[in-house]
1. For the Cα atoms of the chain, what angle does the longest principal axis make with the long axis of helix 13-35, in degrees from 0 to 90, nearest 10?
2. Using alpha-carbon positions, what is the distance between the centroids of the range 106-156 and the range 194-249, in Å?
3. Return the loop-located GluC sites (Glu not before Pro) in the range 8-86 (DSSP other than H, G, I, E, B) with at most 16 other Cβ atoms within 10 Å of their own Cβ; answer none if there are none.
4. Per Stokes-Einstein, at 10 °C and 1.306 mPa s, what whole-number D in µm² s⁻¹ belongs to the range 1-119, with the Kirkwood radius over Cα pairs as the hydrodynamic radius?
5. Please give the net charge around residue 179, taking every other residue with its beta carbon less than 15 angstrom from that of residue 179, where Lys and Arg add +1 and Asp and Glu add -1.
6. In the chain, with Lys and Arg counted as +1 and Asp and Glu as -1 at Cβ, which of these residues, 221, 256, 6, has the Cα nearest the positive end of the dipole, that is, farthest along it?
7. Provide the per-residue ³J(HN,Hα) series for the range 53-59, in order, calculated from phi with Karplus coefficients 6.51, -1.76, 1.60 and θ = phi - 60°, each as a whole number of Hz, with x at glycine and proline positions.
8. With θ set to phi - 60° and the Karplus curve 6.51 cos²θ - 1.76 cosθ + 1.60, what are the ³J(HN,Hα) couplings of the range 125-139 in order, to the nearest whole Hz, using x for Gly and Pro?
Amino acid sequence: MSHYLFDSDAAQTAGRFSALEACYDPVSRRQLELIGPTTGWRCLEVGGGSASLGDWLGERVGTEGEVTVTELEPRWAASRHRPDHVRLLRHDIVHDPLPGTDYDLVHARLVLLHLPERLEVLQKLVGALRPGGWLVLEEFDCGWTPVLAAPDSSSAALFDRVHAALMSLLRTAGADPLWGRRVLGAMAAAGLRDLTASTYAEAWPGGSAGIALHRHNVDQVSGRLTASGVSTTELDRFRALLHHPDFVINSYPLISVRGRRPPRKEQDDPQTLRGVAPAATRGAAAADDPAGP
């Protein structure tokens, strides 16, 4: 089984999922709506957390379609009622075979960032698409989280110190905190076409739903942070700072990238196989309309 820094069994998991859903589900839904999942589609939601997006996709594809939501620890989603065509599955995307093939849409948010095997998993997800099917990956770029306002300079320095220690723990666990900025290039190298990306960020003031993500993350790994040199006093001050009304940080930028597996006729084209787009389709990555076969 893959080992994330943030264990899905931990008590802080529910709070982390709630913060992510509140801040980023509307963004993810808008990205998926650009593709237009509709009646009869087969969809795979990888690392679906509490399955909020999987349930939404289930509404879009209807009972004639199907949605499979995978998660290392599915108990956070198991309590929700869902129709039969939305399936919840305990699954390790690194080591377990995929639950199906020929998907119209595969979506994963904040999954590959944590995986040392992210490029291998990317190839696996591409292979699960039908010709013309869509892959949507959404990942953080944790390298740009500036403090936008603080009660004093020492507060800003404290946030930067604790956050840097957390990023170091992530890298030690095999994660790539900068993976978001690398996703589009990796998807292009994996053979996907019609690539486009957008970045979403907002201000998180003290006490907001978004800034609570930092509190849940730090609480879960507080022992490792103190072992790395962050004192318990600093952690207590950090937690208090996250509630301060004069403290504001930039959210983690979420980079959403969508790309399409070439239709079969393009896969068979010698130019496409050499990685050269036919002249009629060059520049498609800049198109805003992802409609295709």
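We did not get these values from a lab; they are worked out from the coordinates using the rules stated. Because the structure is a prediction, the values reported are computed rather than measured. Cβ atoms come from the backbone with ideal geometry, glycine included; neighbour counts cover every protein chain shown.
1. Tilt of helix 13-35: around 30 degrees.
2. 18 Å
3. Numbers: sites: 21, 33, 45, 59, 64, 66, 71; in loops: 64.
Listed in order of number, the matching sites are 64.
4. On the way: Rh = 14.6 Å.
My calculation gives 109 µm²/s for D.
5. Values: positive: 109, 118, 171, 181, 182; negative: 117, 120, 138, 139, 141, 176.
Net charge around residue 179: -1.
6. My answer, from the dipole projection, is 256.
7. 6, x, 5, 5, 4, x, 5
8. Rounded to whole hertz, the list is 5, 4, x, 7, 7, 6, x, x, x, 10, 10, 10, 10, 10, 9.
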